[in-house]
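Have a look at the structure below before the remarks.
Each value in this text was obtained by applying a stated rule to the coordinates, not by laboratory testing. Computed from a prediction, not measured in an experiment: that's the story for all the values here. A quick note on method: Cβ atoms are made from the backbone with ideal geometry, for glycine too, and the neighbour counts reach across all protein chains shown.
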């Protein structure tokens, strides 16, 4: 691999105009495709195979006139203080408002609260349910405007009016102040780490190129593939973070190679052959982990995984080709001032830059500190992460609804009004579907199901059954006494399903519980069930890949255990912030509750790949030194000397990018930002920079032991670029062969 990537790096450097032109063309095409493509819409989560999804499918089949997952709005009216909504003038305003929606395109029906009885006991709050003929993703702007105009009409007449439901759901647009701050922090870190504005700008430029292509492709394919804004934001988040990091690693290695006396094209080839090998491996781990999210069985999660994987793959390709091409364009400006002085104004003569004398850097001093006190560092770091991970034992999963939105939104205010007027469970009604197609007495089966549900503890009310046209299916609504995301409501759904199992045996009628609340519960349960198997697969993959890379058994085991610690600590932070409310106000999180059910599996997949990034970039330099004859302790110091500063900078950049998304209003993106930022911080600075060297110091030479049978079976990927150490740099070949060397160097480079 190292030799192959070495040739790619040299070729990209020498053919920089061609490479730069191709990437520029791809960026332009992606941006144009995104600009002309229709915008995508949000989609409801689905979980094929669950009871709630089977019930939705049955409703679509038996009630074709009504879309079971169609858009719905709740127009909630509240009378002024001291008045009732049923009073003459207020009642007339409500009826006129609803009348303005009659005949509006895409509206299937609008209930009259005074006829349907949807008025609170004290008469101060009433609501109308507006159903649409299409799903929320297909609702046009005219229908949304008509709904908002109707609400404004009632507000002008003196009523408080809010709109709940899915009709006004909109995409979260990427881009904002906090994301910009994250990028600015990344830019500052790059300048400090590289000591060059040009080198920092190079890393940012290549990352933006990859992100522009990824974001453009996701936007262009949003409608045909059903990609949501969350997919686009994840692609933006991951593409930006890994794109900057991968460019930083290759740029740092290129500068080292130039300082060692290699000519520009030779240094570019060696940088891509060594650091580029680590980039390929690290990117492959992230890619595989994200694609593997498809095994969970949730279409939205699969799309998120594929979108993120595509962004990472583009970041790798950009790092391997565009980065070395830009080395050629920027020339000696990429290098630190000391190296520029050594190579002279021409920039072509190769001179080895002597190592800086004086006080050792922070990375070296830290490595030596760990070597002196490995047990203490290991105990403090391990116990500290374990303490942070303790809240994860209380992890509860759920899906955010209107209750998690900002109080500034009309959806949240509608949710609060309904809870005030009708009880907390009113915002999460359960839909009970009775399939009587195989029942001898459909009426008796339906009555038995309704009576059974009504008699359950925790059920506030049960609506009248509605029959399908063929009278082979009945559906009724059960309102819980508790809020949709509460543990009591979850227990109630399971209790109802358990109580109605005997009805099918007695009457032949199948009873299914569905609705948005039940669907959320089923998805959360499926995610909980998938958590351990997916984690097992990821850990197994980590062990195998690291065993191939480092030719060791104990190093992969150490890396996998460290990964578990960092993920556990990240879950602990999520529970503390989103369930317990610690620092929630500081982060702009207005409502606590269960953690977004997709997050644990998603974070495991992403953090697995990112953790392997730091493991590879730090330990490859250690193994490289060890293979060349250094003692285990000297190898640890060498790893921190060459990679410690760069890995720390890369981690800070990634944390800044992820944290920049916490300021968005979407609970999904907020959870993702907090989880990923904390996971990267724990993994990079505690696991890889404290626990890893402490364990290696205690293991000594045993850390790099590999049984002979595995040594023969495992492929040798040469990620450290050992083969390149046997390669004769072309300036040496030029010295040995005389005046024609320059021509031969160009010829070899082109080959």
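With contacts taken as Cα pairs under 8 Å at a separation of at least 6 residues, the range 383-532 carries a relative contact order of 28 percent. Taking the Cα-to-Cβ direction at residue 115 and at residue 506 and moving 7 Å from each Cα, how far apart do the two end points lie in nm? The modelled label-to-label distance comes out at 3.6 nm.
Calculate the FRET efficiency for residue 87 and residue 28 from the Cβ-Cβ distance with a Förster distance of 56 Å, rounded to the nearest 0.05.
0.35
In the chain, helices alone account for a calculated mean residue ellipticity at 222 nm of -20000 deg cm²/dmol, with every DSSP H run of four or more residues adding -39,500 (n - 2.57).
Take each peptide in 232-242, 370-380, 617-627, count the other Cβ atoms within 10 Å of every residue, and average; sorted highest first, the result is 232-242, 617-627, 370-380.
Over all pairs of different C-alpha atoms in the range 65-165, the reciprocal of the mean inverse distance, the Kirkwood hydrodynamic radius, equals 13.7 Å.
Annotation for residue 393 and residue 148: the two label points, set 7 Å from Cα along the Cα-Cβ direction, are 4.9 nm apart. Counting 0.36 nm for each residue step from residue 188 to residue 364 and taking away their Cα separation leaves a gain of 61.1 nm.
Against the main long axis of the alpha-carbon atoms of the chain, helix 2-14 sits at an angle near 90°. Between residue 461 and residue 627, the C-beta separation translates, for a Förster distance of 41 Å, into a calculated FRET efficiency of about 0.05. Projected onto its three principal axes, the C-alpha set of the range 430-514 covers 37, 24, 17 Å, listed from the longest axis down.
Ranked highest first by the average count of other Cβ atoms within 10 Å around their residues, in what order do 689-702, 256-269, 115-128 fall?
256-269, 689-702, 115-128
At a Förster distance of 41 Å, what's the computed FRET efficiency of residue 716 paired with residue 376, Cβ-Cβ distance as r, to 0.05? Don't jump to the answer; show the numbers that get you there.
Details: r = 37 Å, r/R0 = 0.90.
Working from the Cβ atoms, E equals 0.65.
For residue 419, project a label point 7 Å along Cα to C-beta. Then give me every residue of the range 567-593 with its amide nitrogen under 14 Å of that point. Counting only backbone N, you get 590-593. Centre-to-centre, using Cα atoms only, the range 617-637 and the range 574-608 are separated by 38 Å. Relative contact order for the chain: 19 percent, from Cα pairs under 8 Å spaced at least 6 residues apart, divided by residue count.
For the chain, DSSP calls about 95 percent of its internal beta bridges antiparallel. Inter-label distance, residue 260 to residue 544: 3.2 nm, where each label sits 7 Å from its Cα along the C-beta direction.
Using only alpha carbons, the chain has a radius of gyration to Kirkwood radius ratio (Rg to Rh) of 1.06.
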